[in-house]
């Protein structure tokens, strides 16, 4: 069973003015020029490849890192690649105040941790969560902690189905155990 | 307690108790995949289930609409992967000749009131226009749905949106929709269902309902319904073979998460400015922006009514030299109607480039991309950076796109 405590270094998706970017859509996450790709190994290099200021993300990120984004992350298309590109890079989790409905489902079904944390924008605005900070998140208890600064923040615990699918691995594994 | 429309549809498709926030297992009446998403659905299906059959091939379809016919080798390969899988299992394919999948599902009668329909198209909730719970999903979800005929779903809350007053004579369904994109933003109905009431909603015909429901995704909503109907809708649905069409109504004592009243009295034409469908301004504030190209079509404005509106402006006039006007009917049925009514000739003679049915410019589709710096005015639903190529895209009604292409700058028909 997979652990629901995740610890790693964060990338905070800020715009040029230093604000947490909201409404990042799937064409910025994984551009439609690459929609024909079906091999997950080829998807990582395109992660955030059309997001201004973050086009080199795939070259900077290291497996085990976490991503922090603004509200309505993953707006737009239903493309699974927008989740799979992070999986391919070994990103451990994405935290945002909210996700688009389809994006959230796609991540849950892939067993990729997407976690909602309402207070992220304030935290980032007050300098309490910065790129490079070490963060630990307990997705069952609903706790987040900036380890270096010793600051705690609330994270919405995984729902029953999200947790079950995550622990099983993905929707397919979960489906086979369910019935 | 009474139920909202979405609660009724979900309750009719699950054995679990339905209440907002609860996760239920939902029976799916129709499950589909496109040329985008489809090959991954096949890949997941074969990896997980080998040669096992889908749950019910009569409820399973492929619809090819993004790159139709394929203009890249990768899309050609991907479509053939889906065809081979479909042939092996006896699944029907609405192939590259048919046009936009969600529209085809309406025309074929697969999407009807009180049905559940899923597909690899984030605008599948367009089916709210006919009272069907359509939902876009990724390829993992759809592969699982192909095999099991079901999925999990969190019952959304519902917001009641009451439109007060009557829009002005120049306002179209797209203008009302763009107005809602601005007013509701990506927060008010986010992750919720919406029900639209008031004469401005009830009076919409099928094409107008499709326009409005298609952009619920841009408002971050799950789905939109228009429970009240008018005579034109009943006529149009009858023509599509839906006898005694009655969309579900919510119960009088249904519980809403929020009730929003919006004044649409005298509403005029609206334009979404790049790079967001929610950055909407009255036409008057955008007028005069120089353009290079126009696009009429997409799942939002690709019905015969949309081309009729454009043709009435373009008839007997010429698209300004140097401006490209790309026209893409939503489906083969629409294309046939344009042919038989002479509208196709009107569009052609004005200088428009009329392409075969499909999605058009979205997802690097078949209707041509915008180059860097190329300004387009489009009837589509998304103008995010890079969605239609590299150029900035303004979203507007077919009327405004037609008038703009005649003038070479963003304009309304009254300026001609």
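For region A:140-179, which residues satisfy the criterion of being in contact (Cβ under 8 Å) with a residue 40 or more places away in the chain and in a strand (DSSP E or B)?
Hit for region A:140-179 is A:144, nothing else.
For region B:107-126: of the residues being crowded, with 24+ Cβ neighbours inside 10 Å and away from chain A (no Cβ under 14 Å), which is modelled with the lowest pLDDT?
Taking the candidates together, the pick is B:111.
Any residue at all in region A:104-114 that is farther than 23 Å from residue B:136 by Cβ and part of a loop (DSSP other than H, G, I, E, B)?
no
Checking residue B:164 against (1) over 22 Å from residue B:246 (Cβ atoms); (2) more than 9 Å from chain A (Cβ to nearest Cβ); (3) surrounded by 21 or more Cβ atoms within 10 Å (Cβ to Cβ): exactly one of these is not met. Which one?
So the condition that residue B:164 fails would be (3).
Taking the stated definitions as given, is residue B:224 touching a helix residue (DSSP H, G or I) at 6+ places or on another chain (Cβ under 7 Å) and assigned to a strand (DSSP E or B)?
yes
Taking the condition in contact with a strand residue (DSSP E or B) (Cβ under 7 Å, 6 or more places away or on another chain), part of a helix (DSSP H, G or I) and modelled with pLDDT of 95 or more, does residue B:81 pass?
no
Out of all the residues in region B:377-393, is one or more in contact with a helix residue (DSSP H, G or I) (Cβ under 8 Å, 6 or more places away or on another chain), crowded, with 24+ Cβ neighbours inside 10 Å, part of a helix (DSSP H, G or I) and away from chain A (no Cβ under 14 Å)?
Checking region B:377-393: not a single residue is in contact with a helix residue (DSSP H, G or I) (Cβ under 8 Å, 6 or more places away or on another chain), crowded, with 24+ Cβ neighbours inside 10 Å, part of a helix (DSSP H, G or I) and away from chain A (no Cβ under 14 Å).
From the list A:58, A:78, which one is out of contact with any strand residue (DSSP E or B) (no Cβ under 7 Å at 6 or more places or on another chain) and either more than 10 Å from chain B (Cβ to nearest Cβ) or within 23 Å of residue B:66 (Cα to Cα) (or both)?
Criteria check complete, one pass: A:58.
Considering only region B:340-376, how many residues are out of contact with any helix residue (DSSP H, G or I) (no Cβ under 9 Å at 6 or more places or on another chain) and in a helix (DSSP H, G or I)?
So the count comes out to 2.
I need the full set of residues from region B:178-221 which are in contact with a helix residue (DSSP H, G or I) (Cβ under 6 Å, 6 or more places away or on another chain) and part of a loop (DSSP other than H, G, I, E, B), in order please.
Scanning region B:178-221 gives B:189, B:191, B:204, B:205, B:215, B:216.
Among (1) away from chain A (no Cβ under 13 Å); (2) surrounded by fewer than 16 Cβ atoms within 10 Å (Cβ to Cβ), where does residue B:80 come up short?
Residue B:80 satisfies all of (1) away from chain A (no Cβ under 13 Å); (2) surrounded by fewer than 16 Cβ atoms within 10 Å (Cβ to Cβ) except (1).
The values are calculated or read from the model by the stated rules, or taken from the named source; none is laboratory data. Quantities reported herein were computed from a predicted structural model and do not represent experimental measurements. Neighbour counts are summed over all protein chains in view; Cβ atoms, including those assigned to glycine, are modelled from backbone coordinates with ideal geometry.
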